[in-house]
Each structure stands twice: as C-alpha cells, then as structure tokens.
Amino acid sequence: MKKFVAAATVLTCIGFVSTAEEAMNLPVSFNADGTVNRPLNHRQWVNVGTTLIPKGEINIIDDLPIPTSEYIDTYVEPMAFAIYMATGTWPNGTQIVKEFTATKPADAGEVLTESHYNGLAMLVKDAQRFPAETGHLGYFNFGHHSEPYETASKVLPREQCSACHEALASEQQYIFADHHIGLKRKQK
Ligand code: HEC
C-alpha cells in the first residue's frame, strides 16, 4: 500500500498529469482525519437529472426499504461538469452528490409531490487521496433522513458503494453518466 502511494505520488510529479483537465485540481474540503465535509451549496451545482425510486425499494445508504417513493436528484460541481462535457473525462477533484427527496403519499393517478429532502450521498475523484481505489473514487454519505444532514463523512467501504459502480459502470469511469439526461454529450 505504501509502495502504491509512493508510486502514485512520483507519477503525479513527473508527468503522469499530462492533460489540462487532469492537472486541474478542484477544491474538495477534506479534514485532517480523512473525512470529507458536506458541500454546503450543492443545490447550486448543475442538476443533471432526476430518478424516481418506487416505494419499497432498498436505499443504498442504509439498506432499508423506503416508506414513500423518493426522487433522487444528481448534482455535479460546476467546474467538473464543464470539463466533463468538454472532454469526456472526469477531472481530479470531481464532486457529485445525489440527494434523496421523500414524497407525499399518493393514490394511483395522483401527482407525486415532494415532501422534504431526505438524504445525501457523494462521490469524489481524487488520485492523491485514493491512489489504489478503482477510478480514484471515494464514496461518502451524510445520512438518509431529513435535514440536518451529517456535516462530515468518512470514506465508505468498497463493498458498500464502489463494488456496484465497478460492476455496472466500468466503461464509464465508474460514474453512471448514461443514467443522467443532463450528462449526454454531443458526438463530435
Ligand atoms: C447496487 C448498485 C449501487 C450501489 C451499491 C451504489 N450505487 Fe451509486 N449509483 C448506482 C446507479 C445505478 C446510479 C445511477 C442512477 C442513480 O442516480 O440512481 C448511481 C449513482 C450514484 C451517484 C451519482 C453519480 C453517478 O455515478 O451516476 C453517486 C454520487 C452515488 N451513486 C454514490 C453512491 C454511494 C455513496 C454509494 C454507497 C453508499 C453507492 N452509490 C452505492 C448504483 C449503485
């Protein structure tokens, strides 16, 4: 592991960072203990799409069935969004969150209205901090419940998050761009 870190550091210093987008480090707020701080302005990031999860499905954070249907909004930090849309590569420092929103109970045919924000999960791409992790991605969660959310999160175990992204999105840099309408890139 130490060797890995050293190798990655050296590679980073001597030209591993070859393209402009890889050289650009976006600011992510980590603490000395390795936890990441919850971004405070994620609803001002780029909302790249919404998914509806039907009542009773299992939530990925707490592994429990959801008591009401939930919307999931995915937000991408704007600089990472701009670089991805221009180049097709997620830059170092990319931050993406998904926020869950609970809904009011509705009968068939009724509009499904949001009731309250109900949880936040995040991924961060950071080659320096996650040299050995697949895609250099760290996965975090700030709780699956109504606000206030947790203010910081430690990195989650591979089995809980990364394994699924590795299995299902290996051809997309482990980020499910094809699920988000706002991440469709024009073919050049
Ligand atoms: C069973 C598979 C699976 C597991 C486990 C899983 N995810 Fe995902 N994740 C997905 C899928 C599919 C999407 C895209 C659709 C969506 O937004 O739900 C996604 C999307 C995301 C996104 C938005 C960026 C993207 O890749 O589309 C984030 C952030 C995220 N997941 C974080 C997490 C975190 C944190 C965990 C662990 C707590 C986790 N995921 C566990 C399947 C999974």
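A short reminder: the numbers here are calculations on the coordinates, not readings from a lab. Just so we're clear, the structure is a prediction, and the values are computed from it rather than from any experiment. Glycine also receives a Cβ, built like all others from the backbone with ideal geometry; neighbour counts cover every protein chain displayed.
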Taking θ as phi - 60°, what are the ³J(HN,Hα) couplings along the stretch 40-57 by the Karplus curve (6.51, -1.76, 1.60), each to the nearest whole Hz, with x for Gly and Pro?
8, 10, 4, 6, 9, 6, 7, 7, 9, x, 10, 10, 9, 9, x, 2, x, 5
By Cβ neighbour count within 10 Å, fewest first, F100, F176 rank F176, F100
Quote to one decimal, in nm, the extra length available between E57 and R158 on full extension: 0.36 nm per residue of separation minus the C-alpha distance between them.
34.2 nm
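How would you rank Y149, Y75, going from fewest to most other Cβ atoms within 10 Å of each one's own Cβ?
Values: Y149 17, Y75 24.
Ordered by Cβ neighbours within 10 Å, fewest first: Y149, Y75.
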Which ³J(HN,Hα) values in Hz, rounded to whole numbers, follow from the phi angles of the stretch 147-162 under the Karplus curve 6.51 cos²θ - 1.76 cosθ + 1.60, where θ = phi - 60° and Gly and Pro get x?
5, x, 7, 4, 8, 9, 9, 8, 5, 8, x, 3, 4, 6, 10, 4
Rounded to one decimal in Å, the inverse mean reciprocal Cα-Cα distance for the stretch 57-188, i.e. its Kirkwood radius, is 16.1
When the label point is put 7 Å from the Cα of E114 along its Cα-to-beta-carbon vector, which residues of the stretch 38-56 have a backbone N closer than 19 Å?
39-55
